[in-house]
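The values are calculated or read from the model by the stated rules, or taken from the named source; none is laboratory data. All values derive from a computational prediction rather than experimental measurement. Counting neighbours? That spans all protein chains shown, and the Cβs are built from the backbone with ideal geometry, glycine included. The accessibility values were calculated without ligands, DNA or RNA, using every heavy atom of the protein model including side chains. Shrake-Rupley method; radii C 1.70, N 1.55, O 1.52, S 1.80 Å.
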Amino acid sequence: MTKVRMHGRTIKRYENYDKVNYSITDTIRALQLRDGMTISFHHHFREGDLTVNQVIEAIHELGIKDLTIFASSLGNVHSPFIKWIKDGTITSIHTSGLRGELAQFISRGGLENPVIIRSHGGRARAIEAGDVKIDIAFLAVPSADRMGNANGHGKNTKCGSLGYAMVDAAFADKVVLLTDDLVDYPNMPSPISQTQVDHVVVLDRIGDPAGIASGATRFTKNPKEILIAKQTAKVITNLEYYKEGFSFQTGSGGASLAVSRFLEEKMLKDSITASFVLGGITEPIVSMHEKGLIRHLFDVQSFDLAAVDSVFRNPNHHVISASTYANAFNMGPITTNLDYVVLSALEIDKSFNVNVMTGSDGVVMGASGGHCDTAESAKCTIIVAPLYRGRIATVVEKVTTVITPGSSVDVLVTDRGIAVNPKRADIMEQLTNAGVKTVSIESLLDMVNVLIGSANPIEFTDRVVAKVEYRDGTIIDRIMAVKDIDSDA
């Protein structure tokens, strides 16, 4: 293999070496991975991921330290990170999401360097702008040929879209594919191309598709969420953007995902079709597409197995990269063409700022995802959330962590009323004319305070455990260690 230095990325020429290996450890040695490097992963298998921990365990056994983990997101399955943080194998983490024991450990101040939280579009921007240099990308792919042509559908497993992995494959210094289905050449279609791949490692198993549709991507039976979904569909269909060829995205969360069910009924009644749906694709969206109600699906992340299968069945179900999806600094992310986006919230405050990252106790428990990317881009951004969950208020005086600024939010739909951001007088007027009742967000805050009372303020230390980047790379907020558990760290 001959290296030639051009402008920017190192250019490498393929000279007929065999890319295939059957050992992660041998591949790591061949890559010359060393202390202080940055390695990346993607999360299309979500809680079914079986490769990230294998790779880091192999690195740990080789005695390599001081790694930066540049992941598209991290979940409950990545709790083994804690032992590798404690022994110095991992010293920095960049991610969109943190959940489970790892999130709790970091909220205690368990990681010395603050985690960098990025949106999906912001992560793609940071890679392409050179803010982050990925030394080696380890990418789990359900099928690959010996040259490295890869996609999200194999005989042993499948994950559909490889939207986050595509950006890493295009910009990392070295790219390693991890697969459990080595197929004959050529493996087409190939969102990851042989021209981008250094090594193909064949493993017994890379993921469990059953873990894809979990947590925030579940189907809801909650009456509150069903009511919110109905009300949201009513908002959408009574605004000027609802017309032939409109577009929309529904984010994660039960109510948000359920909106499509009620929107379908109205679209059938009005004989209206959507030009495209964007983002994480789900079974209801696939069903609408196959009924002719949506012309194109742009899929950066398949949220369930129906979407996974649709990628390889429907020619207008398109796999797109995270950059094409939402990178604000390229020449045309698809988000800029969105009419509506429906997003969830853990908290929303009087200024319509939204928190999807930290819980009522201040502990990290969520993900930035494409929240701020789509909220800023869409013509109408709708937040859906119950007024309170259990004894925890959703509408609050001030959110614990700002992920999306209120300037990007237009409407809040709760089970106790619909509030419109005062800056959108046009939306208020259209809903009023259509007979859709609205209330002020201040009245929703008063209501929740009467129903469940005000929560005691969360006590934090002065230690920063995470920095939240906005999609343009500016720091929009900081997450501090929680005081009452910090002493146990």
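Has region 7-29 got any residue that is within 21 Å of Lys133 (Cα to Cα), surrounded by fewer than 19 Cβ atoms within 10 Å (Cβ to Cβ) and at pLDDT 95 or above?
Yes, that holds for at least one residue.
Output the residues belonging to region 420-453 that are in a loop (DSSP other than H, G, I, E, B) and either under 28 Å from Asp373 (Cα atoms) or touching a residue at least 60 places away in the same chain (Cβ under 8 Å) (or both).
Asn421, Pro422, Lys423, Arg424, Ala434, Val436, Thr438, Ser440
May I ask you to verify whether Ile24 is β-branched (Val, Ile, Thr) and closer than 25 Å to Asn76 by Cα?
Considered against the rule, which asks whether it is β-branched (Val, Ile, Thr) and closer than 25 Å to Asn76 by Cα, Ile24 comes out as yes.
Among the residues of region 445-458, count how many are within 31 Å of the chain's Cα centre (by Cα), at pLDDT 95 or above and farther than 12 Å from Phe352 by Cα.
Number of matching residues: 1.
If we only count helices (runs of 4 or more DSSP H) wholly inside region 30-137, which ones have 2 or more residues that are among the β-branched types (Val, Ile, Thr)?
Helices (runs of 4 or more DSSP H) meeting the threshold: 52-61, 81-86.
Just to be sure I understand the filter: pairs with C-beta atoms under 9 Å, separated by 6 or more residues or on different chains, first member in region 190-207 and in contact (Cβ under 8 Å) with a residue 40 or more places away in the chain and open to solvent by 20 Å² or more (accessible area, probe 1.4 Å), second member among the β-branched types (Val, Ile, Thr) and assigned to a strand (DSSP E or B). Which pairs pass?
Pro191/Val319; Gln196/Val175; His199/Val20; His199/Val175; His199/Val176; Val202/Val20; Val202/Thr179; Leu203/Thr179
If you go through region 217-264, how many residues are open to solvent by 40 Å² or more (accessible area, probe 1.4 Å), touching a helix residue (DSSP H, G or I) at 6+ places or on another chain (Cβ under 8 Å), within 15 Å of Val411 (Cα to Cα) and of a type in the set (S, T, N, Q)?
Qualifying residue count for the region: 1.
Does region 228-270 hold any residues that are assigned to a loop (DSSP other than H, G, I, E, B) and within 17 Å of Gly370 (Cα to Cα), and which are they?
Correct list: Gly251, Ser252, Gly253.
Quick one: which of Ser344, Ser408 is open to solvent by 10 Å² or more (accessible area, probe 1.4 Å), in contact with a strand residue (DSSP E or B) (Cβ under 8 Å, 6 or more places away or on another chain), within 30 Å of Leu139 (Cα to Cα) and of a type in the set (Ser, Thr, Tyr)?
Testing whether each residue is open to solvent by 10 Å² or more (accessible area, probe 1.4 Å), in contact with a strand residue (DSSP E or B) (Cβ under 8 Å, 6 or more places away or on another chain), within 30 Å of Leu139 (Cα to Cα) and of a type in the set (Ser, Thr, Tyr) leaves just Ser344.
Could you tell me whether any residue of region 126-133 is touching a Leu at 6+ places or on another chain (Cβ under 8 Å), modelled with pLDDT of 95 or more and open to solvent by less than 20 Å² (accessible area, probe 1.4 Å)?
no
Determine whether Gly154 is without any contact (Cβ under 8 Å) to a residue 40 or more places away in the chain, small (Gly, Ala, Ser) and under 23 Å from Ser310 (Cα atoms).
yes
Between a residue in region 298-313 that is farther than 14 Å from His44 by Cβ and any residue that is surrounded by fewer than 24 Cβ atoms within 10 Å (Cβ to Cβ) and aromatic (Phe, Trp, Tyr), which pairs come within a Cβ distance under 8 Å, given they are 6 or more apart or on different chains?
Taking only residues 6 or more apart or on different chains, the pairs are Phe298/Phe276.
Look through region 418-430, keep the residues that are within 31 Å of the chain's Cα centre (by Cα) and farther than 14 Å from Ser407 by Cα, and return whichever of them is surrounded by the fewest Cβ atoms within 10 Å (Cβ to Cβ).
This residue is Asp426.
Which condition number does Tyr388 fail, the rest of (1) open to solvent by 10 Å² or more (accessible area, probe 1.4 Å); (2) more than 28 Å from Val482 (Cβ to Cβ); (3) aromatic (Phe, Trp, Tyr) being met?
Going through the list (1) open to solvent by 10 Å² or more (accessible area, probe 1.4 Å); (2) more than 28 Å from Val482 (Cβ to Cβ); (3) aromatic (Phe, Trp, Tyr), Tyr388 breaks only (2).
Restricting attention to region 425-437, does a residue exist that is closer than 24 Å to Arg389 by Cβ, at pLDDT below 95 and out of contact with any helix residue (DSSP H, G or I) (no Cβ under 6 Å at 6 or more places or on another chain)?
no
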